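Heads up, the thing below is written out as structure tokens.
The values are calculated or read from the model by the stated rules, or taken from the named source; none is laboratory data. Just so we're clear, the structure is a prediction, and the values are computed from it rather than from any experiment. Counting neighbours? That spans all protein chains shown, and the Cβs are built from the backbone with ideal geometry, glycine included. The protein model used for the area step is the full one, side chains on, heavy atoms only, and it has no ligands, DNA or RNA in it. Shrake-Rupley method; radii C 1.70, N 1.55, O 1.52, S 1.80 Å.
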2 protein chains.
Amino acid sequence: MTRGRPRDTAIEGRLLAAAAEELRHGGYDGLSIDRVADRAGVAKTTLYRRWASKAELVVALITTMREEVPFEPSDDPRADLTRLVSTIAAGLASTPTSLVADLAAAAARDPRVGESVRALWSERHRAVTAVVAKAQQAGVVLDHVAPAVLVDQLVGPLYYRLLVTGEPLTPEYARTLVVSVLGPEESP
Amino acid sequence: MTRGRPRDTAIEGRLLAAAAEELRHGGYDGLSIDRVADRAGVAKTTLYRRWASKAELVVALITTMREEVPFEPSDDPRADLTRLVSTIAAGLASTPTSLVADLAAAAARDPRVGESVRALWSERHRAVTAVVAKAQQAGVVLDHVAPAVLVDQLVGPLYYRLLVTGEPLTPEYARTLVVSVLGPEESP
DNA sequence: GCAATTACGATACTGCGGTAGCGTAAATAA
DNA sequence: TTATTTACGCTACCGCAGTATCGTAATTGC
């Protein structure tokens, strides 16, 4: 079928494993393409035949590394939102700040990378959107504002703290964000 | 007083001017330290005697470039907030995205740079905080949430859109953020 | 005048991301 | 078998940020 010499299918895995090791030890900056190729026992050009840039390699790596945590909505939108936002906050807090920042920078530089990075981050965004829309339908949230804006006000502050102000992302903070959007809990 | 050969005071200005030119044309990435030094007619080592890294040079440059737009509060917190958030949105929208992202990345990598970048961005943050606190005192905003959180929900989504989702920063969006936090305007 | 001190220019260097060119290996199509 | 096509390793190279070294210029203290 395909004409030429086939790709060695084992190489990609070895490269990703080597890149993961490098990323663990030195972060995005400390990850050296030469060392990744060396560690995988492969020429640098072979790596670049699979990913066009260091950023694409790292995005691919993170995409394969991250385990899908499926979110099962309950019938309590407030609890769902709190859980979701807290999870996102915990995920961001456990990631090195510079990695998130470097991914954002790489995304801003290269539109192709931007697509991949956005795909990486959009999943959680969409989950929050779904719950917010549900909460509005249930009347838990005032619906004078579009759901997309509320989502930005729930998730945006997390990235803002991480990338801009440098303040910590605590679970309390995540809860406070939800309370601010939904209003204080009504006493039953 | 000072013992050795004095610094040539004209050099710093020439370097900053050269860096500004470079930054205009090629952005953060396109700014080459070698070219900046060349353009200023100065050795590269002389540049590094003034700023420890490219990031510090760029932060210093932006700090000197930005004109202070003084904010004079009125007695209408809603109008003040709308004006402030819209101004921040316009400022971010008119800045190349990659520059903001690269500054955030540089800030995440180097704590010294982080301080400078945060100082650069914190001014507007504090202005918003002041107006939000005032609005809470005036009873325009519910005070079940700390002002700092509301500020994050007003400003954070701007950076979030710029750096993460890539969605546009329109004046309408800024207004919607304020409406979402303050609630719909009461008919008089 | 003279020593000490600091700034400057110049050169060379390192490791980096990324590219180009070439010889060779492995597959298919004829 | 042979031509074609693609993958791979290798080497060399580019421009980049940043560092080290050294000779020299300019200033202060003595």
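General remarks:
A quick yes/no check of all residues on (1) over 30 Å from A:V178 (Cα atoms); (2) without any contact (Cβ under 8 Å) to a residue 60 or more places away in the chain; (3) open to solvent by 30 Å² or more (accessible area, probe 1.4 Å):
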{"position": "A:A37", "(1), (2), (3)": "yes, yes, no"}
{"position": "A:P70", "(1), (2), (3)": "no, yes, yes"}
{"position": "A:T97", "(1), (2), (3)": "no, no, yes"}
{"position": "A:A101", "(1), (2), (3)": "no, no, no"}
{"position": "A:A104", "(1), (2), (3)": "no, yes, no"}
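- Residue within region A:104-115 that is farther than 28 Å from B:Y28 by Cβ and charged (D, E, K, R) present: no
- Across region A:39-53, the qualifying residues are those that are open to solvent by 20 Å² or more (accessible area, probe 1.4 Å), outside any loop (DSSP other than H, G, I, E, B) and touching a helix residue (DSSP H, G or I) at 6+ places or on another chain (Cβ under 6 Å), and the one among them that is nearest to DNA strand D (Cβ to nearest atom) is A:K44.
- Within region A:9-25, not a single residue is surrounded by fewer than 16 Cβ atoms within 10 Å (Cβ to Cβ) and in contact (Cβ under 8 Å) with a residue 40 or more places away in the chain.
- Residue match in region A:73-86 (condition: at pLDDT 95 or above and facing another protein chain (nearest Cβ under 8 Å)): no
- Flag for A:L31 being within 16 Å of DNA strand D (Cβ to nearest atom), in contact with a helix residue (DSSP H, G or I) (Cβ under 6 Å, 6 or more places away or on another chain), more than 27 Å from B:D110 (Cβ to Cβ) and open to solvent by less than 10 Å² (accessible area, probe 1.4 Å): no
- Flag for B:V100 being farther than 19 Å from B:A133 by Cβ, more than 14 Å from chain A (Cβ to nearest Cβ), among the hydrophobic types (A, V, I, L, M, F, W, C) and under 15 Å from the mean Cα position of the chain (by Cα): no
- The condition (being at the interface with another protein chain (Cβ under 8 Å from one of its Cβ atoms), closer than 19 Å to A:G156 by Cα, modelled with pLDDT of 95 or more and open to solvent by 50 Å² or more (accessible area, probe 1.4 Å)) is satisfied by just one residue among B:R118, B:R126: B:R118.
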